[in-house]
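To keep things clear, I will list the structure first and then write my remarks on it.
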Amino acid sequence: MTRPSVLLFDLGGVLVRNGSFDGLRDLLGSQVDDDELRDRWLRSPAVRSFELGRISPNAFARLFLEEWQIPLSVEAFLAEFVSWIKEPYPGAGDLLAGLRRDYHVSCLSNCNELHWTALVPMLGWFDSLFSSHLIGEIKPDQRAFQTVLDRLGVQPDQLVYVDDSRTNVEAAGRAGIPAFVVQGLDELRARLSEEGVL
């Protein structure tokens, strides 16, 4: 692999503990595995609209509850939804601080106004930030990755992308971006070491 100049990270499941799929599984009352839930989440019209910044939290909740057939009030669902963003994995800030000495460190996250607010304490860990609700593009769409490349002024092989979703990693690969899947900080450290980044 060519030594990259930019390290691009997803947030949930990579640097931040993600409670979304446990919370969603509890609401659905089913034992759907994480990969299936991730794919359904990525394809959800309600989720895409909200994470593209096109609808309000209340409109999202109404659409989502109808789409997923979840018998909750809008208020109860939104209270649950906000709680799905958890704390960063221990050591995530220190890892990024070390990486920033040698690389431009950025994030590309499918996110929304409610979860982005919860993430504010860690946003200073990055040199640049790309969230779907702010850039108007969403993974796994190719335009999301192209927007990052264009705004940073880099070629695909100058960047390495890390996500906990195989679907998103495959999409980055189709854009020519070296990318890999990890679950959590231990896997991230190990993979960065394998790739010669750490």
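The values are calculated or read from the model by the stated rules, or taken from the named source; none is laboratory data. Note that this is a predicted model, so its numbers are computed, not measured. When we count neighbours, we look across all protein chains shown, and the Cβ atoms used for this are built from the backbone with ideal geometry, even at glycine. Side chains are part of the model used for accessible areas, which takes the heavy atoms of the whole protein and leaves out ligands, DNA and RNA. Shrake-Rupley method; radii C 1.70, N 1.55, O 1.52, S 1.80 Å.
Inspection of segment 63-81 finds no residue satisfying the criterion of being part of a helix (DSSP H, G or I), more than 21 Å from ALA171 (Cα to Cα), in contact with a strand residue (DSSP E or B) (Cβ under 7 Å, 6 or more places away or on another chain) and touching a residue at least 12 places away in the same chain (Cβ under 8 Å). Taken together, the criteria exclude PHE64 from residues that are aromatic (Phe, Trp, Tyr) and within 27 Å of ARG100 (Cβ to Cβ). Only one of the numbered conditions (1) touching a helix residue (DSSP H, G or I) at 6+ places or on another chain (Cβ under 7 Å); (2) open to solvent by 40 Å² or more (accessible area, probe 1.4 Å) is violated by PRO140, and that is (2).
When segment 51-82 is filtered for residues that are of a type outside the set (Phe, Trp, Tyr) and under 16 Å from the mean Cα position of the chain (by Cα), the ones remaining, listed by number, are GLU51, LEU52, GLY53, VAL82. Scan segment 74-90 residue by residue and report those that are surrounded by 15 or more Cβ atoms within 10 Å (Cβ to Cβ) and among the hydrophobic types (A, V, I, L, M, F, W, C). Within segment 74-90, VAL74, PHE77, LEU78, PHE81, TRP84, ILE85 meet the criteria. Evaluated against (1) of a type outside the set (Lys, Arg); (2) assigned to a helix (DSSP H, G or I); (3) modelled with pLDDT of 95 or more; (4) under 15 Å from the mean Cα position of the chain (by Cα), LEU108 falls short on exactly one condition, (2). Tally up the residues in segment 180-194 that are under 13 Å from ARG3 (Cα atoms) and either touching a Leu at 6+ places or on another chain (Cβ under 6 Å) or crowded, with 16+ Cβ neighbours inside 10 Å (or both), please. The number of residues fulfilling the criteria is 1. The number of residues in segment 58-73 being modelled with pLDDT of 95 or more and open to solvent by less than 30 Å² (accessible area, probe 1.4 Å) comes to 5.
The single condition among (1) touching a Pro at 6+ places or on another chain (Cβ under 7 Å); (2) surrounded by fewer than 20 Cβ atoms within 10 Å (Cβ to Cβ); (3) among the β-branched types (Val, Ile, Thr) that VAL16 does not meet is (2). Of the residues in segment 141-174, how many are touching a strand residue (DSSP E or B) at 6+ places or on another chain (Cβ under 9 Å) and either in contact (Cβ under 8 Å) with a residue 24 or more places away in the chain or of a type in the set (A, V, I, L, M) (or both)? Number of matching residues: 20. The conditions are (1) acidic (Asp, Glu); (2) within 19 Å of TYR89 (Cα to Cα); (3) open to solvent by 40 Å² or more (accessible area, probe 1.4 Å), and GLU36 fails exactly one of them. Which is it? Every condition holds for GLU36 apart from (2).
Table: residues versus (1) closer than 15 Å to LEU7 by Cβ; (2) buried (at least 20 other Cβ atoms within 10 Å of the Cβ).
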residue	(1), (2)
SER109	yes, yes
VAL120	no, no
PHE126	yes, no
GLY136	no, no
VAL148	yes, yes
GLY153	no, no
ASP157	yes, no
SER165	no, yes
ASN168	no, yes
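Pairs please, first residue from segment 31-47 and within 16 Å of GLY19 (Cβ to Cβ), second anywhere and of a type in the set (S, T, N, Q) and at pLDDT below 85, Cβ atoms under 8 Å, 6+ apart in sequence or on different chains. Close Cβ pairs satisfying both conditions: TRP41/SER20.
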